Amino acid sequence: MQIYLDSFGAFLAVRQGMFAVRTKHAGERLFATREVTAILMTRGTGMSTDAALLAVGEDIPVLLIDAQTHFPLAGISSGRPGSIASIRKNQALFARTAAGFEWAGAQIAGKIAAQRNLLQHYSEHPAATPAYREAHADADGVLRAMEKSMRSLPAPDARNWNAAHMETLAQRLRGLEGTASRLYFQQIARLLPAPYAGFQGRVKRPAYDPFNALLNYLYGMLYTTVHLSMLKAGVDPHIGVLHADRYGGAPVLVFDAIEPFRPWADAVALRLVLEAGLSPDVFEVRDDTEGLWLSTAGKDLVIDAMLACLEEYIAPEGEDRRARRKVLIDRQARELAATLLDLET
């Protein structure tokens, strides 16, 4: 379980060797360390140094997240390299190699495949409009071609790999991903009911329409989940591949690794809007910010829906065995860590 502190004044301490969470309205609750997988904290909350040291000693990651977007901003760790020193060393090399870019391309191809599956699902759904159904076949054909192109990019020549080749391939990957995303969200827009008709495509923070605000929060939850999986696997979230030189000190590996999982958040958003009847009233304009944001009540609904999604069992493409979605995220991180360790052999 995760300890999530988001109410103003909430405090994390230690009592009898356990984490003690104190809030103004619920009093104090104790949690054994073996039950806690992560600690998430927002602005206006606090923790004692004893609680921080207990988390570090038990290898429980502590993330400070943005309350409005659920995006991870900073973390507390022991700073002990331990067994991950070799992973981090190889990760820096991997991020600048042909193999690293092939890995990044595979993540985007996985996202396009999942996008196609989601669009196909809604082509047979009662909520599909005539405009959606008419455009679906053509959209799917284009996306299928882009997925194929992404999976069949010419294998880079590792012997002649240099900065020029790296930038050329990066531009090709970004171009394909951007074109696929625009087409995909055009189809999503054709599905949305009148209260969400202001959605014309993806707009990142801040959002100015309800559906983008919903996606931004769901993606923030996914970012946090992927970030935590990287920490558990011993992979540095800040050493990315495709996004490495574009986002400063952000956890750019998370931006690369999240790609095949983004359509899960899109699916949750569509379920909330089309099937659960999520009202646009749960979004609000705040005096201290621009754009549109989820209200506290809206966050509660969205968090529950996303957590339920991560607990669902699915069978990955090409596999018969089913696993929970959150386990598949952890598996991706472990497989990347194993790849990085194998670079030494």
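The values are calculated or read from the model by the stated rules, or taken from the named source; none is laboratory data. Bear in mind that the values here come from a model prediction, so they are computed numbers and not experimental data. We place every Cβ from the backbone using ideal geometry, glycine too, and count neighbours over all the protein chains shown. When the accessible area is computed, the model is the full protein with side chains, heavy atoms only, and any ligands, DNA or RNA have been set aside. Shrake-Rupley method; radii C 1.70, N 1.55, O 1.52, S 1.80 Å.
Using a probe of 1.4 angstrom and keeping all protein chains present, the accessible surface of segment 1-70 works out to 53 square angstrom per residue. Can you work out ³J(HN,Hα) from phi for every residue in segment 141-150, in order, using Karplus 6.51 cos²θ - 1.76 cosθ + 1.60 and θ = phi - 60°, giving whole Hz and x for Gly and Pro? Per-residue couplings from phi come out as x, 5, 5, 4, 5, 5, 4, 4, 5, 5 Hz.
Averaged per residue, segment 286-345 has 62 square angstrom of accessible surface, using a 1.4 angstrom probe with ligands and nucleic acids left out.
Amide hydrogen proximity for residue 73: with H placed 1.01 Å from N in the peptide plane, the residues at 5 or more positions away or on another chain lying under 5 Å are 64, 65, 66. Across segment 57-74, rounded Karplus estimates of 3J(HN,Hα) from the backbone phi angles (6.51 cos²θ - 1.76 cosθ + 1.60, θ = phi - 60°) give x, 9, 6, 9, x, 10, 10, 9, 10, 6, 5, 7, 10, 6, 7, x, 10, 7 Hz, Gly and Pro being marked x. Per atom type, segment 208-277 shows carbon and sulfur on 50% of its accessible surface, probed at 1.4 Å. Derived from the Cα gyration tensor, the three semi-axes of the equivalent ellipsoid of segment 278-345 are 37, 19, 8 Å, largest first. Amide H contacts under 5 Å for residue 207: 292, restricted to partners 5 or more places along the chain or on a different chain, H placed in the peptide plane at 1.01 Å from N.
Among 181, 123, 279, which one shows the biggest mean-square fluctuation in a GNM of the chain, springs joining Cα atoms closer than 10 Å? Largest GNM mean-square fluctuation: 279. Per the helix-only calculation at 222 nm, which mean residue ellipticity applies to the chain, given -39500 (n - 2.57) for every DSSP H run of n ≥ 4 and division by its residues, nearest 500 deg cm²/dmol? So the helix-based figure for the chain works out to -16500 deg cm²/dmol. Segment 301-340 and segment 37-72 have Cα centres lying 23 Å from one another.
Of all the options 35, 319, 335, the one that moves most in a Gaussian network model of the chain with Cα springs shorter than 10 angstrom is 319. From largest to smallest, the equivalent ellipsoid semi-axes obtained for segment 14-164 from the alpha-carbon gyration tensor read 43, 29, 12 Å. Over segment 171-267, the fraction of Cα-Cα pairs per 5 Å bin, rounded to whole percents and listed from the shortest bin up, is 2, 12, 19, 23, 20, 13, 7, 3, 1, 0.
Projected onto planes of every orientation and averaged, the convex hull of the alpha-carbon atoms in the chain covers 19.1 nm². When Lys and Arg each count +1 and Asp and Glu each count -1, what net charge do the other residues less than 11 Å away from residue 197, Cβ to Cβ, add up to? Net charge around residue 197: 0.
A cut-off of 5 Å between modelled amide H atoms, ignoring neighbours fewer than 5 places along the same chain, links residue 4 with 40. Packing, taken as the mean count of other beta carbons within 10 Å per residue, orders the peptides 11-24, 129-142, 89-102 from highest to lowest as 89-102, 11-24, 129-142. Percent of C-alpha pairs per 5 Å bin in segment 1-74, short distances first: 4, 17, 30, 27, 16, 5, 0. Using a Gaussian network model on the chain with a 10 Å cutoff between Cα atoms, which of 330, 50, 236 fluctuates the most? Per the Cα network of the chain with a 10 Å cutoff, 50 tops the list. Rounded to the nearest Hz, the phi-derived 3J(HN,Hα) couplings of segment 287-303 under the Karplus curve 6.51 cos²θ - 1.76 cosθ + 1.60 (θ = phi - 60°) are 5, 8, 9, 8, x, 10, 9, 5, 6, 4, 5, x, 4, 4, 5, 5, 4, where x marks glycine and proline. Surface analysis of segment 99-235 yields an accessible area of 45 Å² per residue, using protein heavy atoms and a 1.4 Å probe.
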